[in-house]
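A short worksheet on the structure shown next.
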Amino acid sequence: MMSYELISISQIFSLNLHVRAKLRGSGELKETLARDKPRVSIGMPVFNGEKYLEEALDSILAQTYTDFELIISDNASTDHTQQICRAYAAMDSCIRYYRNERNLGAPRNFNRVFELSLGEYFKWAAYDDVLAPEYLQKCIGVLDKDPSIVLCHSKTGRIDEHGALVGTYDHNMRIDSPKPHKRFGDLISKHNPCWPLMGVVRTSTLNMTPLIGNYAGADKNLLAEIGLLGRIYEIPEYLFFRRDHPQAYTRKRCESTRFTRSTMAWWTNTSWINFTHWKNCSEFFRSVRRVPLKWSERRLCYEQIFRWFIIEGWRLIGGDVEIYFLRRSSLGRKLASAVKLILRRAVISIIEKTFQEKL
């Protein structure tokens, strides 16, 4: 098999486009899509995605696993997204295209494609990412064999705006652990890149969650709750390629140490815009209460939240208060500096030592 590092991303999925064309010609694809429910639903929320949209759609239509529907929800795009989507929908009957009359905001649009889905399994797809042809087939194979696995993804490659493979995203999270508290503890940490959320998940599992909330970082909260509900398996091959380009949300977020107005507008217009990490923390507790767990596991999950607070959460939550409240006055800025100094030198160091000794 050809190495993904030696060929372009466009070559990877174009190698298999002829498979779907042959199926369409033989009538097998038509018979598959004529069923009441496809096994897999792929939901693509999009807003002004004309630059990379066709490449993403081609990679989905090139999948070796063909029993899927593709639901596109256009969030009132102002570029040529609508024309591109309608052209593809006219060519392939597995595509269902919807256009919102007004922009609903990204979280609601993400949730909308799931609400419109029919499949036993579901996958979110971004307009600028690319899948290897065997991605779906391998993920479905894993989920079919092991009911304890609720979400399956693959290793993630990083491509640039031209589709060239420029790196990888690797992690050492224990998301496949049989212990819910270990999965949860790693998924709420700052080391969680959230790419597994773009994997194939059981629809029954997603139905047990509140989906993506309208607050910053809600994707991380959702993935952490999915991790409480079951194991997450990562296929040890690079079959998913995330595009890193100047317009990408993650690029804009990582270039700034604060949530800018435009970044926050992607998520919400509510009051939580000023206290994002407080909201994330409160949702961690709600997830642990909401998911059916043994009392011993629930207690260990609460310990993981406190561990998160000691290691990184207190800085994030304190930053919310400092940025949006204390920094508005000179007295507040002085008070913030004093409080951080006391916490860093005394209280936090003591708690950290106690917690590490306990572990």
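Considering each of Lys145, Lys51, Lys138 in turn, give the residue that is basic (Lys, Arg) and under 24 Å from His245 (Cβ atoms). Only one candidate qualifies: Lys51. Filtering region 113-137 to residues that are of a type outside the set (Gly, Ala, Ser) and in contact with a Gly (Cβ under 8 Å, 6 or more places away or on another chain) leaves Val113, Phe114, Leu116, Phe122, Lys123, Trp124, Tyr127, Asp128, Val130. May I ask you to verify whether Arg253 is at pLDDT 90 or above and assigned to a helix (DSSP H, G or I)? No; evaluated as a whole, the condition is false for this residue. Within region 52-92, being charged (D, E, K, R), over 26 Å from Cys152 (Cβ atoms) and in contact (Cβ under 8 Å) with a residue 24 or more places away in the chain holds for Glu54, Asp74, Asp79. Those strands (runs of 3 or more DSSP E) of region 117-226 in which 1 or more residues are in contact with a Leu (Cβ under 8 Å, 6 or more places away or on another chain) occupy 121-124, 149-159, 200-202. Just checking, which of Lys123, Lys145 is within 24 Å of Arg231 (Cβ to Cβ), modelled with pLDDT of 95 or more and in contact with a helix residue (DSSP H, G or I) (Cβ under 8 Å, 6 or more places away or on another chain)? Step by step, each of Lys123, Lys145 is checked, and only Lys123 is within 24 Å of Arg231 (Cβ to Cβ), modelled with pLDDT of 95 or more and in contact with a helix residue (DSSP H, G or I) (Cβ under 8 Å, 6 or more places away or on another chain). Against the definition (assigned to a helix (DSSP H, G or I), modelled with pLDDT of 70 or more and within 33 Å of the chain's Cα centre (by Cα)), how does Phe284 come out, yes or no? The answer is yes for Phe284.
Just to be sure before I move on: is Gly185 surrounded by 16 or more Cβ atoms within 10 Å (Cβ to Cβ) and in contact with a Pro (Cβ under 7 Å, 6 or more places away or on another chain) in the structure I sent? Taking the combined requirement at face value, the residue does not satisfy it. Of all residues assigned to region 62-72, none qualifies as being surrounded by fewer than 21 Cβ atoms within 10 Å (Cβ to Cβ), of a type outside the set (Asp, Glu) and assigned to a helix (DSSP H, G or I). Examine region 100-108 for a residue that is assigned by TED's automatic domain parsing to the domain that holds Leu136, within 20 Å of Asp219 (Cα to Cα) and small (Gly, Ala, Ser), and state whether such a residue exists. Within region 100-108 (the criterion being assigned by TED's automatic domain parsing to the domain that holds Leu136, within 20 Å of Asp219 (Cα to Cα) and small (Gly, Ala, Ser)), the answer is yes, since at least one residue qualifies.
Taking only region 82-114 into account, find how many residues are part of a helix (DSSP H, G or I) and within 22 Å of the chain's Cα centre (by Cα). So the count comes out to 9.
The values are calculated or read from the model by the stated rules, or taken from the named source; none is laboratory data. Everything numeric in this text was worked out from a predicted model, so none of it was measured. Glycine gets a Cβ as well: all are built from the backbone with ideal geometry, and neighbour counts include every protein chain shown.
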